[in-house]
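Notes for the one structure printed next.
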Amino acid sequence: MYALEMIEITKEFPGVKALDRVSFKVKKGEIHALCGENGAGKSTLMKVLSGLYPAGTYQGEIQIDGEKKEFHQIMDAEKAGIAIIHQELALVKEMTVGENIFLGAEPIKRGVIQWDELYHQAAGWLKKVGLKVSPETKIGTLGIGQQQLVEIAKALSKNTKILILDEPTAALTESEVEILMGLLHQLRNNGVSCIYISHKMPEVFRLADSITILRDGRTIATLDSKEADDDKVVSLMVGRELTERYPRVKHTPLETVLEVRNYSVSHKDIPGKRVIKDINLTLRKGEILGIAGLMGAGRTELAMSLFGAYEGKAEGEVLIDGKPVQIRSVQEAIQAGLALVTEDRKRLGLVLGMDIKTNTTMAALEKVTKWGTIHTNEEIKWGQKYVDDLRTKTPSLETTVGTLSGGNQQKVVLGKWLMADPKILILDEPTRGIDVGAKYEIYHLMNKLVERGVAIIMISSELPEVLGMSDRILVMRDGTFVKEIEWREATQENIMLAATGGI
Amino acid sequence: MQAKIETNENTISKGNALKHLLGKMDVRAYTMVAAVILIWLLFGMLNDTFLTARNLSNLFTQMSVTAILAIGMVLVIVSGHIDLSVGSLVGLTGGVAAIMSNWMGMPTSAVILGTLIVGLLLGMLQGWLVAYQAIPAFIVTLGGMMAFRGALMGITKSTTISISDPSFALLGNAYFAKGFGLIMAAIAIAFLIYSMWTNRKSRQKYGFEIPSFSLDIGKLVFFSLLIIVFVLVMNSYKGIPFPIIFVILLAILFTFLAKKTRFGRHVYAIGGNVDAARLSGINIRWKTMMVFVLSGLLASIAALVLTSRLSSATITAGQMYELDAIAACVIGGTSLIGGSGTIVGAIIGALVMTSLDNGMSLMGLESFWQYVAKGTILVFAVWLDITSRRKKAGK
């Protein structure tokens, strides 16, 4: 008997099939791990299940305890006993634990909240999850692990039968992970089914009874965890054939331009937690260094920190061309010859309301300025140069970048940083969400830059891209580099195994 | 046959050029100008004196204080902040000017310098609190609004100080000699011709497409006529009023600052997307503080004009002016979200507000009507803007 059956779920977005006839079955009282690379469709599947994508926007069927259900909104899914705990906790910091547990479901008598009743009940739920704090404590004073337990208490108070946990241990310390695992075992014994989404293989094997693997929007397999091991799961996760071809050319790396020694970065919000732990890295002129790893491994934080844009404190040494440098702001980073193409171009890369030429000259405005005055024609010339060089498709230089397609927006961001003439170019997910044609143009551009002596760090979650373009690959997990591989020896399997902690 | 095709091509390219020009000068500006003309015609029909040279001269003088404040306010709002303190700052710096001039007997040049420094420093203080201490601008300048008003009452002992120095009184009340006005018109037109010429030559040098000669000439003739008509109308009364020259000079200077300098560009980028600006290496804090410095400086210039025009400093001087300035910006197309807005737009906005004030006073309407009308127009203008943008996005 299954507590949950999702049958032949297909969900399409314009141009992409995010889920393709996915089937997913969870037994009553089991912990079921859901594994897959970034973008395999795990989150989409859970959004379908929790009613965030309402019935009708996808094809397929959801059954709870053998009964067909249609969720038109999140409330419907909650009523059916489904609760999701997101990676980013959804608690109101300024409210108490009790208020948060009963938010939207406060016990009411004639329109008045029964506070004593509320805190009495809240205390009961806290006991069930083993959290020893007063229900009148403010959420903001609790640690992340404790907040997560409050979230679980909140879910249980809604009579949850199926609990979804999305990367629950990403922000937890080791002892907090232990507490969480104990709680999940206990919930399983009480007949609650858990869907556990995680990248971390050791955790998956410790907890899960069954494992379902998704890849490219399809169900690949459901395994009994006793019969599986790291290698098997990882090979199923990445087991696609490498059909795409990458424009690999021979690079001849020269002298070291960037050296990072014993580098650590503190988390910007959580005191005492480090997002980057004591790493070392060297980058040579004329090479592409790929950094692989799963979401939350700390790759973006490393890039932002090196670029002087991460709020958490950094310790350690950074040497550029053999000379130690102190980079405390983006201005200093640019002066030192760094450039960073961020992961999220709309939020961090572009001023969407401004036009192409203005965005292009943003980081190197002094090149078109004379006596403090912007030389309009000079600006048009530079803007046009990068539109031509990168073959950006646009009606005119005065088109606002918000109206361009993803690929063309990315080219504008690249143009901006090329104009700044960097020695070291850090690309964070350079081809995310852009069409194939633009992708290849960007790969060619990377090769051209390397030939000119630029050193490139490419952070990417797309394994074929990492394999296809890098000279060396560093694999990051939990804020440290766990493996360095020459491109000839690299395979999807050995990278993924290192990234998930299988080794 | 051949000739016919050629003419066809000609008209097409002309049509494109016109479209290009219209597209470049934003449609908003036209609606704004049309709104001003409509309001003037309406009041002109309802009241005989509205369109006389004397009244128009008055109207421009009245407008000057709001317009000067609006110039600074545009930059503040574009950078994504707000400055509620400018009205009180006008009052306070006006009081400082009157004290220096009347009680301390300082010469006008020293009074001007002192007043500007006070405005600049108070603007810097607020800017520092906003930019470096991360206190929301709304709070900082709301505090400034109250504190500056209080300081004004304190330093003037809640009295009205009148200005006795005649040279100080000239600042807000004098007119340029008629001949001088004509000379200025000539210089302005000469400058227009020169800039058109250099622009064409520079575009040619870079190998860019040059707008058609007739189109440029057309534009030139239009703006020259505008200048000449303005000067002639002003001259038919007493000449160009002093304060309006301040407005024009400041508008030119700040438009240049906004469009042509790195500082201006960075202010727009900060307002458009502060994260992208930071990651492009823009020094957000320093630029944000400078925006408030400029706002404070402009408030003190407005204070000099106002105090001189009224020949006295009172404790209520400048009250509610911040709201007029914000309204002028918003009517003129500045987005309160930040990132977009023009100085010319804000000045036209100020002209709309002042025209309403002036026209309704002439018609002898009670003052409550003025508040109701101005409030309605403000909301209406923003509504119009939002719906037109939504339509555009819908396409």
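Just list whichever of A:LYS11/A:LYS42; A:LYS47/A:LYS79; A:LYS385/B:LYS219; A:LYS250/A:LYS423; A:LYS385/A:LYS416; A:LYS27/A:LYS68 have alpha carbons separated by over 21 Å in the model shown. Going by Cα-Cα distance, A:LYS385/B:LYS219 fall outside the 21 Å limit. For the stretch A:2-238, the orientation-averaged shadow of the C-alpha convex hull comes to 13.4 nm² (one quarter of the hull surface).
To make sure I understand the rule: partners must be aspartates and glutamates, Cα under 17 Å from the Cα of A:LYS268, and not fewer than 8 residues away in the same chain. Which ones qualify? Partners within reach: A:GLU88, A:ASP278, A:GLU301, A:GLU311, A:GLU315, A:ASP478, B:ASP275. Other residues with beta-carbon under 10 Å from the beta-carbon of A:THR160 carry, at +1 per Lys or Arg and -1 per Asp or Glu, a net charge of +2. Based on Cα contacts under 8 Å between residues 6+ apart, the stretch A:345-421 shows a relative contact order of 45 percent. Taking amide hydrogens as placed 1.01 Å from N in the peptide plane, the amide H of A:CYS194 sits under 5 Å from those of A:GLU30, A:ILE31, A:HIS32, A:LEU163, each at least 5 positions away in sequence or on another chain. Loop sites by DSSP among the GluC sites (Glu not before Pro) of chain B, restricted to those with at most 13 other Cβ atoms within 10 angstrom, leave B:1-208 as the longest stretch without any of them. Across peptide A:365-372, the average count of Cβ atoms from other chains found within 10 Å of a residue's Cβ is 3.
The residues B:SER195, A:SER210, when put in order of fewest to most other Cβ atoms within 10 Å, stand as B:SER195, A:SER210. Positive end of the dipole of chain B (Cβ unit charges, origin at the Cα centre): among B:THR52, B:ALA131, B:PHE176, the Cα lying farthest that way belongs to B:ALA131. Antiparallel as a % of all DSSP beta bridges within the protein assembly as shown, to the nearest 5? Counting only bridges with both partners in the protein assembly as shown, antiparallel ones make up about 60 percent. Is the shape of the stretch B:121-177 rounded, prolate or oblate, going by the alpha carbon gyration tensor and its root eigenvalues a ≥ b ≥ c, with a/c under 1.5 for rounded and a/b larger than b/c for prolate? Here the stretch B:121-177 falls in the oblate category.
Could you work out the relative contact order of the stretch B:176-240? I mean the mean sequence separation of Cα pairs under 8 Å and 6+ apart, divided by the number of residues, in percent.
It rounds to 61 percent for the stretch B:176-240.
Give the angle, between 0 and 90 degrees and rounded to the nearest 10, that separates the Cα long axis of helix B:367-394 from the longest principal axis of the Cα atoms of chain B. Approximately 40 degrees, to the nearest ten. Other residues whose C-beta falls under 13 angstrom from the C-beta of B:THR314 contribute a net charge of +3, scoring Lys and Arg +1 and Asp and Glu -1. Counted over chain A, the DSSP beta bridges are approximately 60% antiparallel. For the stretch A:115-176, the list of trypsin sites (Lys or Arg not before Pro) that fall in a loop by DSSP and count at most 14 other C-beta atoms within 10 angstrom reads A:LYS132. With neighbour counts taken as other beta-carbon atoms within 10 Å, the residues A:LEU34, A:LEU223, A:LEU89, B:LEU89 rank, fewest first, as A:LEU89, A:LEU223, A:LEU34, B:LEU89. Among the residues of B:268-275, the average count of other protein chain beta-carbon atoms within 10 Å of the residue beta-carbon is 5. My understanding is that a pair violates if its Cα-Cα distance is over 29 Å; which of B:LYS178/B:LYS201; A:LYS128/A:LYS277; A:LYS93/A:LYS161 do that in this structure? Check vs 29 Å cut-off fails for B:LYS178/B:LYS201; A:LYS128/A:LYS277. What is the sum of charges around B:ILE343, taking Lys and Arg as +1, Asp and Glu as -1, for the other residues whose C-beta is under 13 Å from the C-beta of B:ILE343? Around B:ILE343, the charge tally is +2. The dipole here belongs to the stretch A:86-211: it is taken about the Cα centre, uses +1 on the Cβ of Lys and Arg and -1 on the Cβ of Asp and Glu, and is about 400 debye. The amide H of A:ARG274, built 1.01 Å from its N in the peptide plane, has A:HIS267 as neighbours under 5 Å, considering only residues 5 or more places off or on other chains. Other protein chain C-beta atoms within 10 Å of residue C-beta, averaged over A:306-319: 1. Using only the alpha-carbon atoms, how far is helix A:376-389 inclined from the longest principal axis of chain A? Give it as 0 to 90 degrees, nearest 10. With both axes taken from Cα atoms, the answer is about 70 degrees.
Relative to the Cα centre, what is the charge dipole magnitude of the protein assembly as shown, using +1 at the beta carbon of each Lys and Arg, -1 at the beta carbon of each Asp and Glu, and rounding to the nearest 20 debye? It works out to roughly 2320 debye. Between the listed residues A:GLY402, A:GLY349, A:GLY29, the Cα displaced farthest toward the positive end of the dipole of chain A, a dipole computed from Cβ unit charges relative to the Cα centre, is found at A:GLY402. The C-alpha atoms of chain B define a longest principal axis, and helix B:343-362 lies at about 60 degrees to it.
Footprinting exposure proxy ranking of A:ASP76, B:ASP357, fewest other C-beta atoms within 10 angstrom first, gives A:ASP76, B:ASP357. Across chain A, the mean sequence separation of Cα contacts (distance under 8 Å, 6 or more residues apart), normalised by length, yields a relative contact order of 15 percent. Projecting the Cα atoms of A:ILE374, B:ALA346, B:ALA188 onto the charge dipole of the protein assembly as shown (Cβ charges, centred on the Cα centre) puts B:ALA188 farthest toward the positive pole. In chain B, inverting the average of 1/r over every pair of distinct C-alpha atoms gives 22.7 Å as the Kirkwood radius.
A DSSP coil position with no more than 13 other Cβ atoms inside 10 Å describes none of the chymotrypsin sites (Phe, Trp or Tyr not before Pro) in the stretch B:289-395.
Helices in chain B, meaning DSSP H runs of at least 4 residues, each add -39500 (n - 2.57). Divided by all residues, the mean residue ellipticity at 222 nm is -26500 deg cm²/dmol. Rg then Dmax, both in Å and based on the Cα atoms of the stretch B:65-202: 19.5, 60. The magnitude of the dipole of chain B, with charges of +1 and -1 set on the Cβ of Lys/Arg and Asp/Glu and taken from the Cα centre, is near 1140 debye.
Coordinate-derived values only; no laboratory data. All of these numbers come straight from a predicted model, not from anything done at the bench. Cβ: placed from backbone, ideal geometry, glycine included. Neighbour counts: every protein chain shown.
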